[in-house]
1. Say we look at the range 30-85 and pick out the residues that are at pLDDT below 90 and charged (D, E, K, R); which of these is surrounded by the most Cβ atoms within 10 Å (Cβ to Cβ)?
2. Right, Ser17: in a helix (DSSP H, G or I), modelled with pLDDT of 85 or more and either surrounded by fewer than 15 Cβ atoms within 10 Å (Cβ to Cβ) or touching a Ser or Thr at 6+ places or on another chain (Cβ under 9 Å) (or both) or not?
3. Restricting attention to strands (runs of 3 or more DSSP E) lying wholly within the range 39-90, give those where 2 or more residues are among the charged types (D, E, K, R), in contact with an Asp or Glu (Cβ under 9 Å, 6 or more places away or on another chain) and not assigned by TED's automatic domain parsing to the domain that holds Phe24.
4. Could you list, in sequence order, the residues of the range 92-122 that are part of a strand (DSSP E or B), surrounded by fewer than 17 Cβ atoms within 10 Å (Cβ to Cβ) and modelled with pLDDT of 75 or more?
5. Collect the residues in the range 40-79 that are in contact with a Leu (Cβ under 9 Å, 6 or more places away or on another chain), closer than 17 Å to Arg120 by Cβ and not β-branched (Val, Ile, Thr), keeping them in residue-number order.
6. Across the range 48-66, what is the number of residues that are closer than 19 Å to Val84 by Cβ and over 11 Å from the mean Cα position of the chain (by Cα)?
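The values are calculated or read from the model by the stated rules, or taken from the named source; none is laboratory data. Every value quoted in this text rests on a predicted model; they were computed, and no experiment measured them. Note that each Cβ is placed from the backbone with ideal geometry, even for glycine, and that neighbours are counted across all protein chains shown.
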Amino acid sequence: MYTQARLLAMTALVTTSCLIILFFLIPWLMDYEWAVVSTNDMHPLINAGDLVLMESVGFSDIKVNDIVLFQNPLQSGKSGVIRVAEKRGNKIVGFLSHDDLVVEQSSYVINSSEIQGKVRSTIPRLGHVLDVIGGIVHSRLGLALIVAIPAGLILHHEMTRVISILRGGD
């Protein structure tokens with residue numbers, strides 16, 4: 001007979017497993033990658049802090065009207081997104097999309113070497129959460145807490161179970 005706590009634990013385990021498969025295994029098998037958008041170039045369609053699933057594609061696979069993620073040459077370490085308007089040789093001319101209206105003054109010319117991939121899907125605002133977690137993990141204290149808190153909870157649970165068994169309970 002399953003207790004409510006065991007059912008909750010099993011549900012959490014299944015949910016976590018499904019999330020791991022969804023966010024890591026499937027994209028890896030399909031040659032997709034997650035990336036956090038750094039700019040509001042495609043607001044409101046895609047905003048800074050959104051998490052995008054991008055497909056690594058060759059330059060020849062990019063078509064007009066595709067949305068691509070690119071390494072912004074003006075802002076080191078920042079990724080932007082644009083809608084492809086045309087291709088010229090090994091460059092893409094794209095327009096920023098504010099309210100999804102093409103604005104001529106906001107055109108970008110991007111070299112094929114700056115393109116990171118074709119955007120396939122987005123998860124709004126999740127990139128902000130990952131940035132915070134990433135900032136925490138990059139500090140020694142944060143990494144220790146990320147490991148110590150779950151380890152402490154597991155240890156507490158197991159010790160409580162052992163004590164309960166020793167006292168004659170289940």
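1. The selected residue is Asp41.
2. On the way: in a helix (DSSP H, G or I): yes; modelled with pLDDT of 85 or more: no; either surrounded by fewer than 15 Cβ atoms within 10 Å (Cβ to Cβ) or touching a Ser or Thr at 6+ places or on another chain (Cβ under 9 Å) (or both): yes.
In short, no.
3. On the way: elements: 51-55, 67-71, 79-88.
Of the strands (runs of 3 or more DSSP E) lying wholly inside the range 39-90, none has at least 2 residues that are among the charged types (D, E, K, R), in contact with an Asp or Glu (Cβ under 9 Å, 6 or more places away or on another chain) and not assigned by TED's automatic domain parsing to the domain that holds Phe24.
4. Across the range 92-122, the qualifying residues are Val93, Val109, Asn111, Arg120, Ser121.
5. Across the range 40-79, the qualifying residues are Met42, Asp50, Leu51, Met54, Ser79.
6. Count: 12.
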